[in-house]
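Below is one structure, written out as structure tokens; the observations come after it.
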Amino acid sequence: MIAKIKKSAANGSVYAPASKSMAHRLLICAALSKGESIVRRVTFSSDILATLDCLEEMGASYEINGDTVKIKGLDSVIMSEEKNFYCRESGSTLRFFIPLLLLSDKKQTFRGEGRLMKRPLDVYETICKERGLLFEKGDTLKICGKLEAGDFFVRGDISSQFITGLLYALSVMEKDSRIHILPPFESASYINMTLLAMKKFGVSVQAEDELALFVRGGQKYTACDITVEGDYSGSAFLDAFNLLGGCVETKGLDPDSLQGDMIYKKYFTLLSYGSPKLDVSDCPDLAPILMTLAAALHGAKFIGTKRLKIKESDRGVVMAKELSKFGADIEVGENEIVVHKARLHTPSELLLGHNDHRIVMALAVLSSVFGGEISDAQAVSKSFPEFFDVIKNLGVEVTLYDN
């Protein structure tokens, strides 16, 4: 699908989309709880639907009513038979479920779309090999073997999702465990979100220090009624219009949120006044819109960019390529990106979305200033399926059509 966007200003107020990151976590906690939980204000992006599908495959049942999910939890997370788990293109879903499915000794198969099976799973592969468990990765991922409690050493600079997955599994094992995080520890805010979600369902984890988590075994998740908070990551794309001539008020964001991406407000201020040096190692999902604003304003230098290579696309390289069609001048290094100040213009060729939701949304924001056509517009369904409807309601002229 192609999105054709004409020069048009975004004005008005809108509620922040629900946090995809927190929704994943709350839904999994609900499924691990005995009894019935209610999770409210869920946005049914393709990633969240992947998690719901996998929870159902595990044995949990759920009902959807509007934006509310009612989940009947599992009596046991031990799988009694071999099954197939379809994760679509959700890295979170895949990484959160692998340890849970290693609680039994039945072979399980994961399937996915796009680049999912090419994204790093080294942490789990190492853990499985060290413990003699099957970990066979190709077009699909096959795992088998019973994961036992103990000490786990996890690199902190690949993805916090590995730590989250282990936390879920270790908390329901009979014996105690520890997770030792090998520095540098990036995206720690996502672990804090996991710990908060678990706490809401009655499960506690003790941070012994900044790099060690003690997980008491044999804990029980308690069903509850909970609402998903607003998403800072998705809201950054809406707030970005304000730096490009728009006037958009985004409501429904918790000022006391643990989301690391709330730093976008500080970064936007720095970008609006100059050419700052910004560290995105803890907020890689913000990089596409930050690069876009830097190109449109005064330039910037971004450090901590190496993890952009392992997202839905190689985001640093891809954004440099697509923004160059507007006239941007960008240098991409191993772990830094420099966006030079440049005079932008209307692109003369099709902008490629690279099947990456955050690339598409970032290009859409800039296209509201200069005009443009973007391929793979359907990719927004991964995290923010209502994105184009929302910006249309704000006054951005968008036409969607099949290519």
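The values are calculated or read from the model by the stated rules, or taken from the named source; none is laboratory data. Computed from a predicted structure; not experimentally measured. Note that we place each Cβ from the backbone using ideal geometry, even for glycine, and neighbour counts take in every protein chain shown.
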Here is a list: Ser313, Ser375, Ser381. Which entry is in contact with a His (Cβ under 6 Å, 6 or more places away or on another chain), within 27 Å of Cys87 (Cα to Cα) and in contact (Cβ under 8 Å) with a residue 24 or more places away in the chain? Ser313
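Filter segment 120-176 down to the residues that are part of a strand (DSSP E or B) and free of Cβ contacts under 8 Å to residues at least 24 places away in the same chain, then identify the one that is surrounded by the fewest Cβ atoms within 10 Å (Cβ to Cβ).
That would be Glu136.
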Is it the case, given these coordinates, that Asp261 is closer than 23 Å to Ala23 by Cα and surrounded by fewer than 23 Cβ atoms within 10 Å (Cβ to Cβ)? no
Would you please list the contacts, defined by Cβ atoms under 9 Å and residues six or more apart or on different chains, that run from a residue in segment 185-211 that is not assigned by TED's automatic domain parsing to the domain that holds Gln259 and in a helix (DSSP H, G or I) to a residue that is loosely packed, with under 14 Cβ neighbours inside 10 Å and of a type outside the set (A, V, I, L, M)? Ala188/Glu210; Leu195/Ser204; Met198/Ser204
Quickly run through segment 212-231 and pick out the residues that are surrounded by fewer than 20 Cβ atoms within 10 Å (Cβ to Cβ), touching an Asp or Glu at 6+ places or on another chain (Cβ under 7 Å) and not in a loop (DSSP other than H, G, I, E, B). Phe214
Given (1) in contact with a strand residue (DSSP E or B) (Cβ under 8 Å, 6 or more places away or on another chain); (2) not assigned by TED's automatic domain parsing to the domain that holds Ile181, index of the condition Val215 fails: (2)
Search segment 305-325 for residues being in a helix (DSSP H, G or I) and of a type in the set (Val, Ile, Thr), and hand back the single one that is nearest to the chain's Cα centre (by Cα). Ile310
Yes/no for Val332 being modelled with pLDDT of 95 or more, within 25 Å of Met22 (Cα to Cα) and in contact with a helix residue (DSSP H, G or I) (Cβ under 9 Å, 6 or more places away or on another chain): no
A careful count of residues in segment 382-403 that are surrounded by fewer than 19 Cβ atoms within 10 Å (Cβ to Cβ) and closer than 14 Å to Ile2 by Cα gives 6
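I'd like the full set of residues that are surrounded by 14 or more Cβ atoms within 10 Å (Cβ to Cβ) and touching a Lys or Arg at 6+ places or on another chain (Cβ under 7 Å), limited to segment 57-77.
Glu57, Ala60, Tyr62, Asp67, Thr68, Gly73, listed by residue number.
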Single match in Ala364, Ala379 (criterion: of a type in the set (A, V, I, L, M) and either in contact with a strand residue (DSSP E or B) (Cβ under 9 Å, 6 or more places away or on another chain) or part of a loop (DSSP other than H, G, I, E, B) (or both)): Ala364
Inside segment 250-291, can you point out the residues that are in contact with a Leu (Cβ under 9 Å, 6 or more places away or on another chain), in a strand (DSSP E or B) and closer than 22 Å to Ala10 by Cα? Thr250
Just checking, does segment 41-52 include any residue being within 30 Å of Cys144 (Cα to Cα), surrounded by 23 or more Cβ atoms within 10 Å (Cβ to Cβ) and in contact with a Pro (Cβ under 6 Å, 6 or more places away or on another chain)? yes
